[in-house]
Amino acid sequence: MEEKKRPQILIVDDDKNICKMIEASLRKERKYDMTTALSGEACLKLVKEELPDLCLIDIQMPGIDGIETLKRIKEEDPRIPVIMMTAHGTIERAVNSMKLGAYDFLTKPFARDRLLVTVQNALINSSLQKEVNELRSELKNKYTFSNIVGQSGVMQDAFKAVEKVVDSNVTVLIQGESGTGKELIARAIHYHSKARANKPFVAVNCSALPESLLESELFGHEKGSFTGASGRRIGKFEQADGGTIFLDEIGLMTPATQSKILRILQEREFERVGGSELIKVNVRVISATNKDLEEEMKDGGFREDLYYRISVFPIKLPSLRERKDDIPLLAAHFLQKYNEQESKEIKGISPDSLELLMAYSWPGNVRELENAMERAVVLANGSEISAKDLPPAVRSLGEKRIYESDNTLASWIEKLEEQALRQALLECEGNISKTAKQLGIGRATIYRKAKKYGLPMVKSS
């Protein structure tokens, strides 16, 4: 097992004895590696060469003083935490250094315990910040537009709309059937926003909670505001302050909750349930619905004023039925994903399986296709996904297509013949002799019919 690297601490003071005293105090901990510098110039050189995990810098130094050294370090790498050291006469300067990005300051002479605690806290805080930045970077990569698969014209139109709105604060309404990827688009908008990407993204499924709980979930509540409210609760709007709140299935909100959402959009303020304090928030609202809100307005189920507030920038996501050209691309994407997850090496999808995937109506859209491909990868034994690995609904409804295009008796017979031959070849693993015997026809007929219907699975026996 690789040994964990010890934090590198750079001690900077023009007094050698101070440097030695700090170094001796920290060395007793046996947790840190240390370097010393006697000037701001030497410090900046070492920062470039060694990228320390923490700097302790004296404010009063000849040449480049501690404040200027701090400024240049933050320009070089703002992630490096800096603790300033100061005598009593320069405490005001030390306090001002906090505004320039210093983590904390120590007043000379300082006790060893105070030094150790401050150093430890600075390193812990820096480590946590690095983890947060790494997670944010992972999230941004996960929700990059290149990971939202689709080359069809309707999806390209949706992508263009999304790109236009990324760096705006405008409210967005994403419309589309369940499973079309509305939350994926909402997250992509958030994590590519220059102003909000480093702030929270909070998702609320409005259909998953009854009205009494939804209001508390969104706005929070005060202790004792209702039975079971044993303490103050911070709501989703407060949690999302500075970032984005995603209201999924907003069309299912009751009129009472709708009016409160309208107030937040208008005034940027609200009250917790049972409270009287006005809480101001800076939140971008992205909503989503699978309902036709314009029809809901006509029926009185959705407020007209709220609709126009949330739909300043509407984005329509097409169903999978409307972008069938993307099915092979999506299926290949999910095959690769679940190959890695299940540690398999399935090379592709058989032509007959792909034909079934293309023929199926996909009422659950991309989500249903992903589930189907995950199942197929788990079940597949060979080097490719075959028809038998697909869910029964995909097989049966895909096969049902033979009756749907041409209603003449001849076309029905021809398509039934194709299906029977395809199924027999699958069951016989493409063996011509076995297939001919099973169907009671000659081998030459099998070859001729397979060529006619473009069946690729025949094998010489």
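The values are calculated or read from the model by the stated rules, or taken from the named source; none is laboratory data. Bear in mind the structure is a predicted one, so any value in this text is a computation, not a measurement. Glycine also receives a Cβ, built like all others from the backbone with ideal geometry; neighbour counts cover every protein chain displayed.
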Given (1) in contact with a strand residue (DSSP E or B) (Cβ under 6 Å, 6 or more places away or on another chain); (2) modelled with pLDDT under 90, index of the condition Gly301 fails: (1)
Top-ranked residue in segment 338-384 [being more than 17 Å from Glu427 (Cα to Cα) and polar (S, T, N, Q); ranked as modelled with the lowest pLDDT]: Ser361
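Go through segment 177-243 and tell me which helices (runs of 4 or more DSSP H), entirely inside it, have 1 or more residues that are among the acidic types (Asp, Glu) and without any contact (Cβ under 8 Å) to a residue 40 or more places away in the chain.
Details: elements: 182-191, 211-219, 236-239.
Correct list: 211-219.
Got a sec? Which of Ile234, Ile261, Ile185 is surrounded by 22 or more Cβ atoms within 10 Å (Cβ to Cβ) and either more than 12 Å from Ile286 (Cα to Cα) or over 23 Å from the mean Cα position of the chain (by Cα) (or both)? Outline the logic, then answer.
Numbers: Ile234 fails: surrounded by 22 or more Cβ atoms within 10 Å (Cβ to Cβ); Ile185 fails: either more than 12 Å from Ile286 (Cα to Cα) or over 23 Å from the mean Cα position of the chain (by Cα) (or both).
That would be Ile261, the only listed residue that is surrounded by 22 or more Cβ atoms within 10 Å (Cβ to Cβ) and either more than 12 Å from Ile286 (Cα to Cα) or over 23 Å from the mean Cα position of the chain (by Cα) (or both).
Could you please find all residues in segment 24-56 being assigned to a helix (DSSP H, G or I), among the hydrophobic types (A, V, I, L, M, F, W, C) and within 36 Å of the chain's Cα centre (by Cα)?
Pass one, segment 24-56, residues assigned to a helix (DSSP H, G or I): 24-27, 40-50.
Subset that is among the hydrophobic types (A, V, I, L, M, F, W, C): 24, 26, 42-44, 46-47.
Residue satisfying the conditions is Val47 alone.
Test Pro78 against the criterion of being at pLDDT 90 or above and loosely packed, with under 15 Cβ neighbours inside 10 Å, and give yes or no.
Values: at pLDDT 90 or above: no; loosely packed, with under 15 Cβ neighbours inside 10 Å: yes.
So Pro78 does not fit the description; no.
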Any chance Ser311 is modelled with pLDDT under 90 and either surrounded by 15 or more Cβ atoms within 10 Å (Cβ to Cβ) or under 30 Å from Arg263 (Cβ atoms) (or both): no
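Just checking, how many residues over segment 188-203 are of a type in the set (A, V, I, L, M, F, W, C) and crowded, with 22+ Cβ neighbours inside 10 Å?
Taking segment 188-203 as the starting set, the residues that turn out to be of a type in the set (A, V, I, L, M, F, W, C) are 188-189, 195, 197, 201-203.
Pick out the ones that are also crowded, with 22+ Cβ neighbours inside 10 Å and you get 188-189, 201.
Looking only at that region, the number is 3.
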Criterion: over 25 Å from Glu295 (Cα atoms), surrounded by 15 or more Cβ atoms within 10 Å (Cβ to Cβ) and over 25 Å from the mean Cα position of the chain (by Cα) - qualifying residue of Glu222, Glu269: Glu222
Output for segment 372-388, where each listed residue is in a helix (DSSP H, G or I) and over 14 Å from His333 (Cβ atoms): Arg375, Val378, Leu379, Ala387, Lys388
Where a residue in segment 67-86 is polar (S, T, N, Q) and its partner, wherever it lies, is in a loop (DSSP other than H, G, I, E, B) and surrounded by 14 or more Cβ atoms within 10 Å (Cβ to Cβ), with Cβ under 8 Å and at least six apart: Thr69/Met61; Thr86/Ile59; Thr86/Gln60; Thr86/Lys108
In segment 314-344, residue surrounded by the fewest Cβ atoms within 10 Å (Cβ to Cβ) [restricted to those that are over 20 Å from the mean Cα position of the chain (by Cα) and part of a loop (DSSP other than H, G, I, E, B)]: Ser343
